[in-house]
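Accompanying notes for the structure given below.
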Amino acid sequence: MRRTAIMFTALAVVGLVSPAAAQDGRDDAGVDVTVSEVTNVDINPTQLNYGTDDQTLEPRDFKASSDNRKFPGIQVENSGSNNITQLSIETSEPYDKPFGTGFSQEYDAGNFIKVRPQTGAADIALVSPFTGGESVDTSDPNTDETGYHYPARVDFNATGKPRGTPQALTYIDIPTGEDADSPFQYGRFRDGEEEFFWAINTPGEGTGQNICASGTLRVGNKPHTDEAIGTTDFTSDNSDNYAEYDVAQDNEGEAVFGRVEDVELNTSEGNTSYTVLSYCSGPNDNSAADGLSFLVRTKYDLNPFADVAGDTPSSPDFPTTNGINTTTQSVNGARALIETSEGSGSKPLHPGQSFTLFTAVEIPRGVASGSVGPGTLSLVAASPDA
């Protein structure tokens, strides 16, 4: 009897640790997360280098891949929580005319930047690059400039006197005397190896004296190059060789400026089209302000005056936040990279989505050698419908 009792006890102990008899314990806790509304955009890389080391750049050169790791451009990602329905570019610009100074640091690298939006992003309301009817060859981006535009480029008039050095061009003919309702100033749209001369008259009365509003802009049809003089006669007798535009006053935002839509330049790489904004000093003003008269070609920068105004005392009080009203934009002029509305059925840039903005630099003729003043390219995102 004693032996039987001992064996029973042993069997009972083994039964307590048997897997067949074990049971799992489980309980659940609910998880709720609410994400606040944040509009943010992230761009990478954050540094683009051109013309460094053995990758030399000379005036007239176009280069689309950066020296650091051969980046073709920047990746733009919605890193916030709101849908991005408006996206534009801002680039830095020189505060005054750098040409003729002899100092490379007087130039601004941001004024050399060109961009081309990615094609084929069907799920994003991304603007298609304006190619002037030409097809884009993506096999070698360093040889095909089609579709690239300056987001915004400042070109100062050639009648100013930087550092007291005369810059007048004796082969330019502008209307004078009875042929001109008011005095003309002239300059050039610089585009790599080509330059298009322009002439703009400055009304001598009222507010328009400072913005070229209610005036006339004449842009040469033929480019100035190393081999050809281009259109240099802007008198009425030579009207077949230039395009003429009326300059309208734009009083959106906090300041007024002159505005011309769809200014087309017939470059060797195809037609490029911009909105041109004007700030012009008075015709008889030979002070520092006269050297600051300029035109801005803008494509994707809707606030191009914010940077160029800077801290220069004689610059006008341009808006720093309100920028260009794009509701009056033309299809070929100033426009945002993304311009849509949540309720329109269009396709905003959703959180986590990204696209490529191809970048390049083009060096105009006559840029001083050395390290150019550093510049910036910024993406400005908005979610007004959030």
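No lab work stands behind these numbers, since they all come straight from the coordinates. These numbers come from a predicted model, not from an experiment. For neighbour counting, all protein chains shown are included, and Cβ atoms are generated from backbone atoms with ideal geometry for every residue, glycine included.
Give the cross-link partners of Lys97 among the lysines, using a straight C-alpha distance below 19 Å as the criterion and excluding same-chain residues fewer than 8 apart. The reachable lysines, counting only those whose Cα sits under 19 Å from Lys97, are Lys161. Annotation: the residues Glu244, Glu195, sorted from fewest to most other C-beta atoms within 10 Å of their own C-beta, follow the order Glu244, Glu195.
Note on Lys63: lysines with a C-alpha under 22 Å away, same-chain residues under 8 apart excluded, are Lys114, Lys299. Cβ crowding within 10 Å ranks Glu134, Glu227 as Glu227, Glu134, fewest other Cβ atoms first. Taking other C-beta atoms within 10 Å as the exposure proxy, Asp155, Asp144 rank Asp144, Asp155 from fewest upward.
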